1. Hey, fewest Cβ within 10 Å first, where do Met1, Met35 land in order?
2. Among 154-161, 60-67, what's the highest-first ranking by average C-beta atoms within 10 angstrom per residue?
3. Might you report the magnitude of the Cβ-based charge dipole of region 28-131 about its Cα centre, with Lys and Arg at +1 and Asp and Glu at -1, to the nearest 20 debye?
4. Let me check I've understood the local charge: for Arg270, count other residues with C-beta under 10 angstrom from its C-beta, Lys and Arg +1, Asp and Glu -1. What total comes out?
5. Quick one: order Leu352, Leu177 by neighbouring beta-carbon count within 10 Å, fewest to most.
6. Taking the alpha-carbon set of the chain, what are its Rg and Dmax in Å?
7. What ³J(HN,Hα) values, in whole Hz, does the Karplus curve 6.51 cos²θ - 1.76 cosθ + 1.60 give for region 241-247 when θ = phi - 60°, with x put for Gly and Pro?
8. Quick one: dipole size for the chain, taken about the Cα centre, charges +1 on Lys/Arg Cβ and -1 on Asp/Glu Cβ, in debye to the nearest 20.
Amino acid sequence: MAVAVITGSCGLIGSEAVSFFCEKGFEVAGIDNNMRRAFFGEDGSIIWNRKRLEKKYKNYKHHSIDIRDEDAVTRIFKKFRRDIVLVIHAAAQPSHDWAARDPETDFEVNATATLILLEAFRQYCPEAVFIFTSTNKVYGDRPNYLPLVELEKRYELEPSHQYYNGIDEYMSVDSCLHSLFGASKLSADILTQEYGRYFGLKTAAFRGGCLTGPAHSGVQLHGFLSYLVKCCITGRKYTIFGYKGKQVRDNIHSYDLINAFYHFFQQPRRGEVYNIGGSRFANVSILEAIDMCEKITLKRLDYEYVEQSRVGDHVWWISDVSKFKKHYPGWDYKYGIEDTVKQIYTTQKEMLLR
C-alpha cells in the first residue's frame, strides 16, 4: 500500500494532489485543520472541499491536526511509516499582509512546521520523496528592479532581456525586501534543500508563481484569479493595489503543478529547487484579467484603485521553467489562462446555486 501524506489537503494545491494521487490508487493521508478560515474568515474556509474529497475518494483519510503540533505530526508518520512513499507539503500561511499582522504565527506555520515535517520525514520514511510548495516571493522585491517597459495594460521586458522568457533559479535572494511572508517561506525553502543536500534525502522546493484553479477559496489577501472571478459574479467591489493594475503574474493551473510534482516523484533528485509557474505560456496582468473575467462572466466588474501597493509585491513575474523541463522533458502544460478562468467561473457558479 503506497501512502502519500499531503498537508493543506483541502486547499487549492493540496486538494488537487489528493485527487491526482487517489485516482492513481495511492492511499492518501490528508492533514488540514482549516486554519485558512482563521486567516481569512468564512470565505477562506475549506470545509466544502473536505466534504467533497471525503465523499468522492474512499482512499482519502482526513486528519484535522495543526502542523505545528509535533506530537500529532509524529503520530501520523509513525502510523504509516512503512508505507509512506511521498510527502507533499502544501500547507501555509500565504499572505504578505497577514504575516505583517502576526509575524510569530506566520513563521511558526511556514517555517517551524516545515522543520517538524522534514524531521518526521527523515526519522520515519527517509526513502520517500518530500516536495515543498515554495513561492517566488523568496526572491523578494529584486524582480522589481528589472528595466520594465510600461505598455497599455501591462508592464513588460524587452524581448532581448535575459529574463524575458522568465526568471530562473539563479536570481539572488539576498539584499532585498521580502515581506515577512517571503522570509518565512524562504526559511522553509532552504531547510527543504538542506535536508536533501546535508542528509542525502530526496527533496525539492518548487517556487511557484500564482497557483490557481477551480478549488481555490479565493479571498482579497490571497487567490488573485479566484477572488477576481468571485467579485465579478457577486458584484463585490474588487481592489487593485498599486502599479496601475498593470502588474503581471504567470498563473499555473493546480493540475499542471501536481503533474510536475508527479514527474519529480517518479525520478527524484536530492535538494533540488525549481521555479514553476505559467511562464510565457500562461501569464496575465490584472487589467488583462479583468477584461477576461468580464468577457467570460458577461458582467462588469466593480473595482477601485488604491495607489499603495502591497509591501514586497512584484510588479512583474514570469517563471523560467526551463530547468524543470530539461530535467523532466515529459512534462508540459495542459491549461492556459482562459481555460483556467472558465473552470473557476463554472465551479463558483455551481457553488452559488447550492
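Taken together, the values in this text are just the output of simple stated rules run on the coordinates, not laboratory data. All figures in this text were calculated on a predicted structure; none of them were measured in a lab. Cβ coordinates were reconstructed from backbone atoms using ideal geometry, including for glycine residues, and neighbour counts include every protein chain displayed.
1. Least to most surrounded, the residues fall as Met1, Met35.
2. Order by mean packing, descending: 60-67, 154-161.
3. Values: 17 positive and 16 negative charges, 172 e Å.
In debye, rounded to 20, region 28-131 gives about 820.
4. Numbers: positive: Arg197, Lys202, Arg269; negative: Glu272.
Net charge in that neighbourhood comes out at +2.
5. Working: Leu352 10, Leu177 13.
Ranked by crowding around the Cβ, least crowded first: Leu352, Leu177.
6. In order Rg, Dmax, the Cα atoms of the chain give 19.2, 57 Å.
7. 9, x, 6, 6, x, 9, 5
8. Details: 46 positive and 44 negative charges, 237 e Å.
Roughly 1140 debye for the chain.
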